[in-house]
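My questions will all concern the structure given below.
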């Protein structure tokens, strides 16, 4: 502007028309250039222009790449660190209303206790305990409500004081119902004096203060804040979480009444509001002991006995029920027993079913140490014949009554007979076995006729029989018992042979030693054979069975020349022939 004034034409100059025209045309641009230069050179105008565009620049930088934010971050951090190092109290006071709630919400939400009214305790005033308390109130002269309170109270905050920290002025005071108290301002002044006394007398640091005062059964808890103090008069043993409630209330007051606390001029009227009272009301907490009823020891013993008896009865019932189920399973698995019905009746058990006479006795299947009492069992079994192989075999044994030489075996429904037995028994066994339930066929292929075996054995025995005689005699000295046994065997031979359809022939052959002539020996052997023939006929042997032949010394029984061998030749031997009856008749 100064330059433009100096360049202006002066009166009397001889400017031409061109200079006048240039001045008229370029003057507006020159003014703008001059204004821009002044704006750039003036710090106040420059700062004002930057303040108008800086918020938009920050927003645009956050949306784009955050370069401006990253550039400002170190400067902001340096400013915060410098402020904290210079005076941390201002920084702590600024964060006090916010940091406390944030920390508690991050850890856990405090458990709040519901207020209990004294009238709830008095509801039981006519109970046994209530009558005891009334007697104590009469005996001590105390009011009944006070006695009840002493016995049932766990803790109670009776008074709360909100005090300005710097001036010590009482800002607000609340008390619980039915609590007598002195002048609240006087109490506040005393607390402030005690704080100052402790601070000055014990050289306490600036940020240290009393947090509790004990006076008999009354305790005063003090919670410090940057601008205000909360003091609570507590009766009883308060839990530690109550301090959290005090601290939370103090934080809430600092947050809501921050300006009033900072600009406090000694007039507490700003704090005598419903909002402050409702906030302080959170500190007036109380807790009463729960009514725990005690059971009489005698009743407890009786209940214990009943429970023990009931438990034992249930145990025995369950154990007996399990034993009964196991017994039913044993009955069903036993051959020849079928359970059709099993129920519990009249404190016992009734079992019905079918039982084979050959099956085991049902009570015998009950173990000796079984918890099931046999007296509680009512057993009803109808007889029937079971087709179990073991029972069919036993009944076959009883029906057929086989000789000792016969074995019976059951394979499915086929009865196998092995060994040897008389033909008559075999024929009868085939007939009777098929009438036995459980036997569909009889196999006697491995059963031999015993009479044939007996016949062969008897034939062998008779062929080995030797009746000896002395030298040159026709009468044997064989005892009568031997001759009777020989006659019996001959008669039995004839009987067994007829059963087999055979015709027996027994030849009595007389022998002699070689000491005499052949004619004499032949005659002697003949007479010896005749002698035995006559004796056998006299003992009842069939004459058609016997024939006689003289062999002399030509058919010696023994070839030995010893006396024993010669004695063996002085004898009568038997030759037995068995032929089919048809051939014998021819």
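Just wondering, is there one or more residues in region 507-523 that are modelled with pLDDT of 90 or more, in a helix (DSSP H, G or I), touching a strand residue (DSSP E or B) at 6+ places or on another chain (Cβ under 6 Å) and within 16 Å of residue 549 (Cβ to Cβ)?
Yes; the residues of region 507-523 include at least one that is modelled with pLDDT of 90 or more, in a helix (DSSP H, G or I), touching a strand residue (DSSP E or B) at 6+ places or on another chain (Cβ under 6 Å) and within 16 Å of residue 549 (Cβ to Cβ).
Given the conditions (1) over 27 Å from residue 544 (Cβ atoms); (2) surrounded by 18 or more Cβ atoms within 10 Å (Cβ to Cβ), which single one is not true for residue 472?
(2)
Can you tell me which residues in region 539-583 are assigned to a strand (DSSP E or B), without any contact (Cβ under 8 Å) to a residue 60 or more places away in the chain and in contact with a helix residue (DSSP H, G or I) (Cβ under 8 Å, 6 or more places away or on another chain)?
Listed by number, the residues that qualify are 546, 548, 549, 550.
What are the residues in region 343-362 that are assigned to a strand (DSSP E or B) and buried (at least 17 other Cβ atoms within 10 Å of the Cβ), if any?
Result: 349, 351, 353, 355.
Among 320, 325, which is in a helix (DSSP H, G or I), surrounded by 14 or more Cβ atoms within 10 Å (Cβ to Cβ) and outside the structural domain of residue 430 (by TED's automatic domain parsing)?
None of the other options fit; the residue is 320.
Each row is one residue, and each column tells you yes or no for (1) assigned to a loop (DSSP other than H, G, I, E, B); (2) within 60 Å of the chain's Cα centre (by Cα); (3) touching a residue at least 60 places away in the same chain (Cβ under 8 Å); (4) under 17 Å from residue 429 (Cβ atoms).
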position: 442; (1), (2), (3), (4): no, yes, no, yes
position: 448; (1), (2), (3), (4): no, no, no, yes
position: 454; (1), (2), (3), (4): no, no, no, no
position: 461; (1), (2), (3), (4): no, no, no, no
position: 471; (1), (2), (3), (4): yes, no, yes, no
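Let me ask you something else. Kindly establish whether residue 482 is part of a helix (DSSP H, G or I) and loosely packed, with under 13 Cβ neighbours inside 10 Å.
Considered against the rule, which asks whether it is part of a helix (DSSP H, G or I) and loosely packed, with under 13 Cβ neighbours inside 10 Å, residue 482 comes out as yes.
The values are calculated or read from the model by the stated rules, or taken from the named source; none is laboratory data. What you see is a predicted model; the values in this text were computed from it and never measured. Glycine also receives a Cβ, built like all others from the backbone with ideal geometry; neighbour counts cover every protein chain displayed.
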